[in-house]
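Chemist: Provided herewith is a single structure, encoded as structure tokens, for subsequent inquiry.
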Amino acid sequence: MCLSYEQSNKTVTAYGIVFHYSLDGEISNPVLALVNMASVNLTAWEPVLPTLLESYRILRFDIRGTGKSARGKDHEFTFSQYADDLAAIMDVLQIPKAFVLGVAYGARTAAQFALRHEEKLTALGLFDVALTPPVEQSEQKALAAKARQLLAAAGEPEIVPKKSWRFYENRDAAFNAHTAHQHEPDTSEMLGNIKVPVLVACGRQDMNLPEARRIANAIPSGRFELMEMTGHGSPFYRPELFASMLNNFKHQLML
């Protein structure tokens, strides 16, 4: 299950880098590989993990330089490298295929994984996604407050983030890890050739909503879902909705 940051210590070596990872759930279930949002480690999936484990075996990992994963070289902080890292981790763990899902910054890595390793995919998930560099984010804070106001009015519980979800072993490396958007172009048009099912979702109160819709429309196999009362970082607003959408998508996987 979701161990605390202090307790979670599984590692795997790929590309000569030691990666912090966790693999949970029934071995008979299809694998769902979750790619972290910016500025969090793998324990940040805690709000959605129990419900997702009803349908999936869950692979989580800290991208190079973040959480408890080693940093590698500065020029390797790219989404394509993060995608290759995930593919290598899957190989070491003998996971032939997975439903790869990224949220926000992590969705960029998931998109690169689809372009570079489609043979390892059962489906692709892009939540809170934008792929154009740079992306305007100046109103996210105000939209987040609006989403939380709506959730409170609807009687929905507030998800209070834990400080440990943002723990890193190396702050400088973590900063470098989150500069990948400065180095790689928009890949949304290339995703039009993806053959596996694609789930694109975004919150109503997220500045990335127009981009997420555009990306979904550019992918023939794409399906778009709008998440009401939800800001950027959707698992932290409506975790049960987030998880139920993925559980309902299980029958779409190309196993």
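Derivation of every value follows stated rules applied to the coordinates shown; laboratory data play no part. Keep in mind that this is a model prediction, so the values were computed, not measured. With ideal geometry, Cβ positions are generated from the backbone for all residues, glycine too; neighbour counts draw on all protein chains shown.
Chemist: How high is the FRET efficiency between GLU228 and VAL160 when r is their beta carbon distance and R₀ equals 25 Å, given to the nearest 0.05?
Modeler: Plugging the Cβ-Cβ distance into 1/(1 + (r/R0)^6) gives 0.75.
Chemist: Taking the alpha-carbon distance from LYS250 and a cut-off under 25 Å, which lysines remain once sequence neighbours fewer than 8 residues away in the same chain are dropped?
Modeler: Leaving aside lysines fewer than 8 places away in the same chain, those within reach of LYS250 are LYS97, LYS120, LYS195.
Chemist: Let me have the relative contact order for the chain, percent, based on Cα pairs under 8 Å that are six or more residues apart.
Modeler: Relative contact order of the chain: 23 percent.
Chemist: What is the percent of Cα-Cα separations in the stretch 130-255 that go past 25 Å?
Modeler: 37
Chemist: In nm, to one decimal, how far is the ARG171 label point from the MET254 one, both placed 7 Å along Cα→Cβ?
Modeler: 4.5
Chemist: Using Cα positions and a limit of under 23 Å, work out the lysines in reach of LYS163, with same-chain residues fewer than 8 apart set aside.
Modeler: Reachable lysines: LYS10, LYS68, LYS141, LYS146.
Chemist: Explain nothing, just compute: Karplus ³J(HN,Hα) = 6.51 cos²θ - 1.76 cosθ + 1.60, θ = phi - 60°, for every residue of the stretch 136-148 in order, whole Hz, x for Gly and Pro.
Modeler: 6, 10, 5, 9, 4, 5, 5, 5, 4, 4, 5, 4, 5
Chemist: Then there's this: Can you show me the helix-derived [θ] at 222 nm for the chain, built from DSSP H runs with n ≥ 4 at -39,500 (n - 2.57) apiece and divided by the number of residues, rounded to the nearest 500.
Modeler: Per the formula, -8000 deg cm²/dmol.
Chemist: Then there is this: Can you work out ³J(HN,Hα) from phi for every residue in the stretch 57-70, in order, using Karplus 6.51 cos²θ - 1.76 cosθ + 1.60 and θ = phi - 60°, giving whole Hz and x for Gly and Pro?
Modeler: 8, 9, 9, 10, 7, 8, 5, 3, x, 10, x, 9, 7, 5
Chemist: Starting from 0.36 nm per residue, how many nanometres of slack lie between GLN7 and GLU184 once their C-alpha separation is accounted for?
Modeler: In short, 60.2 nm is gained.
Chemist: In bins 5 Å wide, starting from 0, what share of all Cα pairs of the chain does each bin hold, as a percent?
Modeler: 1, 7, 14, 19, 21, 19, 13, 5, 1, 0
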